[in-house]
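Comments concern the structure below.
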Amino acid sequence: MSEKILSRTSGREAEAGDIVDARVDIAMSHDNAVLVSKVFKEIGVEKVWDKEKIVILFDHRVPANTVETAKGHKKVREFVKAQGIKNFYNIRVGVCHQVLSELGHVRPGELIVGTDSHTTTHGAFGTFSTGIGVSDMAAVWATGNLWLRVPETIKMTVEGGFPEKVMSKDLILHIIGEVKSDGANYKAVEFSGPTIDEMSIASRMTITNMSMEMGAKAALIAPDEKTLEYIKKRSKREFHPVSSDTDAEYECEYVFDVIDLEPQVACPHSVDNVKVIDEVEGITIDQAVLGSCTNGRLEDLEVAAKILDGKRISIDVRMIVIPSSWEVYLEAMNLGILKTFIEAGAIIVNAGCGPCLGAHEGILAAGERCIASTNRNFQGRMGDTKSEVYLASPATVASSALMGEITDPRG
Amino acid sequence: MNSGKIRGKVWKYGDNVNTDVIFPGRYLHLVDPREMAKHAMEHLDPNFVKNMKKGDVIVAGRNFGCGSSREQAAICLKYAGISAIVAESFARIFYRNAINSGLPILVCSVLPDKVEQGQILEIDFEAGEIYTGKEKIRVPGLPEHIMQIIKDGGIIPHIRKQRG
C-alpha cells in the first residue's frame with residue numbers, strides 16, 4: 001500500500017528503497033505550529049503552498065496553561081489569519097489524531113504528514129501517514145512536497161477472537177513487547193487478518209497509533225466497508241483507496257493469534273517493557289488516566305464506564321478522564337457515561353492531551369505511580385523523573401482505579 | 001562545522017535514548033533555542049548541561065532519539081554545543097531533525113564498545129573516519145548533499161543559500 005500511495009503522490013512508479021519527492025495531501029500541526037511558522041518565515045516564502053491542505057489546532061496545552069503557551073497560541077492565530085488558512089480550529093475540537101478524521105480531513109489513499117509522531121494513527125483509514133519535525137513541515141508549507149524514502153513493509157496478520165475484557169491495546173502492547181521499540185524502525189507495518197476486519201474503527205486507530213512505539217514510519221490497514229462508511233459521512237471529496245496486491249512483497253511477516261491473549265501492561269520506563277497482567281497485579285497506583293489519541297474514544301470510555309458503573313474508585317486514586325474530542329465528550333455526556341465516571345469519583349477534564357506528555361492536568365510527584373491508557377511511559381514523561389507510568393488498556397485502567405492497584409479487568 | 005573534522009569529549013549513553021528524556025514535555029512551549037539548550041538531556045543526565053563543553057560528542061547505542069517527533073531534541077543538543085552524535089542506530093524522525101538542524105550524525109555499530117565516558121574522540125566526516133585514540137574506525141559517511149545541509153547549518157540556511 002505504501003508503494004502505491006507514494007507512487008501516486010510522486011507521479012512515478014516507486015518501490016521500497018526509492019527516494020521520492022511526494023506531494024502532500026494533508027499537513028497537520030498543533031501547538032507546535034508556532035515553531036513551524038517561525039521556521040517558515042525564515043525560508044522567505046511569502047504564502048503557504050495551499051491554504052486548504054493545512055490543518056492546525058491546539059491540543060497539547062489547552063486552554064493555554066502558561067503565559068508562554070498563550071503567546072505561542074496568539075502568534076499562530078495571527079499567522080493563520082494572515083495566510084488565510086481555512087482549517088484552523090483553535091482550542092475547540094480536541095486531540096489532533098482524533099479530530100483529523102472526525103473533521104473529514106482523512107481519506108484513504110492519501111499522504112498525510114503531521115508534526116506529531118502519532119500521525120501514524122490515520123493509517124487505520126488506509127492512508128500513508130507519518131510524523132515529521134517542524135523544519136520538514138515548514139518546507140512542506142512552502143512547497144507542498146516532502147522527500148521520503150519508500151519504506152519496506154512488515155506484514156502483521158492477526159487471527160482469533162478477543163477474550164472478554166481484552167482489547168486492541170493489549171494486542172499492540174503485546175506486539176511491541178515482542179518486536180521491541182525499534183523492531184519496525186523505518187518500516188511501514190500493514191495489519192490484516194480476520195481480527196483486524198472484525199475490529200471497530202476506534203480499535204484499529206489504537207493499533208496504528210501505537211505502531212509508532214515500535215519505530216514504524218507508517219502503519220496501514222486496508223480500507224473496507226467500515227472505513228468507507230465512516231469516511232463518506234465526513235468527507236465529501238473524491239478519494240482513491242488502495243490495498244496491497246495479493247502478491248505484494250513484504251520484508252517479513254508475523255502472525256498473532258489473540259484467542260489466549262491476556263491483558264498486557266507496559267512497565268516503566270519503556271513501551272516495550274511489556275508484561276502480562278499477572279506479573280504486575282497488586283502494584284499500588286496513585287493516578288489513573290483514561291484518554292489520549294490512543295484510547296480516548298467513545299468505545300474506550302464505554303468499556304471503562306461499564307466496569308465503574310455503580311461503584312466508587314479507590315479513595316487513594318485520582319482518576320482523570322479525558323475524552324479525546326468534543327464530539328466524543330458530547331456523545332459520552334448524552335449516554336450518561338460522564339455521569340458514571342463522576343459518580344464513581346473520577347474527574348473529567350477538557351478534550352486535549354492533558355497529562356500524557358507532562359504538560360498539565362495531572363502531573364505526578366516523585367514516588368507516584370500512574371496507570372494510563374496513553375502511549376508513552378518514558379522516565380519523567382508525566383512529571384517527576386522519580387514517578388512511574390504503566391500503560392494499559394481502558395479496561396485495565398478502570399479496574400485498577402477501582403481497586404487502587406494494578407488489577408486484571410477479567411476479575 | 002567548517003573543516004569536516006571535530007574533536008571532543010565523549011558522553012556515553014545506552015539504547016533507546018528517547019526525546020522525552022532529551023527534551024522534556026514541560027519545556028515544549030519554548031521557542032528560543034538557547035533557552036531550549038538549558039534543558040538538554042535533563043531527564044536522563046542532570047549533570048550534562050552543567051558539565052559539558054562546546055564540541056563534545058554523544059556516543060550511544062541503538063535507536064537514539066526514539067519517541068516524540070519534537071525537533072527541540074535535536075535543537076537543544078546542537079545549541080548546548082554537541083558537535084556530533086554517533087550511535088548504533090537512530091530513530092527516523094530524530095535522524096531527519098538532526099540533519100535539518102545542522103547537527104552531524106553518524107551510524108556506527110562498533111563504537112559504543114570501544115569508547116569510555118569522558119575520553120576524547122576525533123571524527124573526520126569527509127574521510128569517514130573516527131579516531132578513538134587507540135584505533136581508527138571507518139564509517140560510511142553521509143551522502144554529499146546531506147553533508148552540505150549540515151555544513152550550511154541546517155535545512156533552512158541551506159534552502160536560503162540555494163535560493164540566493
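The values are calculated or read from the model by the stated rules, or taken from the named source; none is laboratory data. As the structure is a computational prediction, the values presented were derived from the model and not from experiment. Every residue, glycine as well, gets a Cβ built from its backbone with ideal geometry; the counts of neighbours run over all protein chains shown.
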| request: Quick one: A:Ala142 ticks every box in (1) in a helix (DSSP H, G or I); (2) within 20 Å of the chain's Cα centre (by Cα) except a single one, so which number is it? | output: (2)
| message | Taking the condition of being of a type in the set (Gly, Ala, Ser) and closer than 21 Å to B:Arg160 by Cα, how many residues in the range A:113-152 meet it? | response | 6
| query | For B:Glu88, all conditions in the list (1) within 13 Å of another protein chain (Cβ to nearest Cβ); (2) touching a Cys at 6+ places or on another chain (Cβ under 8 Å); (3) surrounded by 23 or more Cβ atoms within 10 Å (Cβ to Cβ); (4) of a type outside the set (Phe, Trp, Tyr) hold save one; what is the number of the exception? | reply | (3)
| request: Working carefully through the options A:Ile5, A:Ile85, A:Ile112, find the one that is in a loop (DSSP other than H, G, I, E, B) and either modelled with pLDDT of 95 or more or surrounded by 23 or more Cβ atoms within 10 Å (Cβ to Cβ) (or both). | output: A:Ile85
| query | Would you call A:Glu68 among the charged types (D, E, K, R) and either surrounded by 21 or more Cβ atoms within 10 Å (Cβ to Cβ) or assigned to a loop (DSSP other than H, G, I, E, B) (or both)? | reply | no
| field | Extreme residue, surrounded by the most Cβ atoms within 10 Å (Cβ to Cβ), among residues of the range A:184-208 that are within 13 Å of chain B (Cβ to nearest Cβ) and in contact (Cβ under 8 Å) with a residue 40 or more places away in the chain | value | A:Ala188
| Cross-chain or 6+ apart pairs with Cβ under 8 Å, the range B:93-116 first and within 10 Å of chain A (Cβ to nearest Cβ), then polar (S, T, N, Q) and part of a helix (DSSP H, G or I) | B:Ile93/A:Ser117; B:Phe94/B:Thr19; B:Asn97/A:Ser135; B:Asn100/A:Ser135; B:Ser101/A:Ser135
| said: Report every pair of residues separated by at least 6 positions or lying on different chains whose Cβ atoms are under 9 Å apart, first residue within the range B:135-164 and within 11 Å of another protein chain (Cβ to nearest Cβ) and small (Gly, Ala, Ser), second in a helix (DSSP H, G or I) and surrounded by 14 or more Cβ atoms within 10 Å (Cβ to Cβ). | reply: B:Gly154/A:Ser135; B:Gly154/B:Lys78; B:Gly154/B:Ile99; B:Gly154/B:Asn100; B:Gly154/B:Ser101
| remark: Of the residues in the range A:115-129, those that are closer than 20 Å to A:Val242 by Cα, in contact with a strand residue (DSSP E or B) (Cβ under 6 Å, 6 or more places away or on another chain) and not in a loop (DSSP other than H, G, I, E, B) number 7
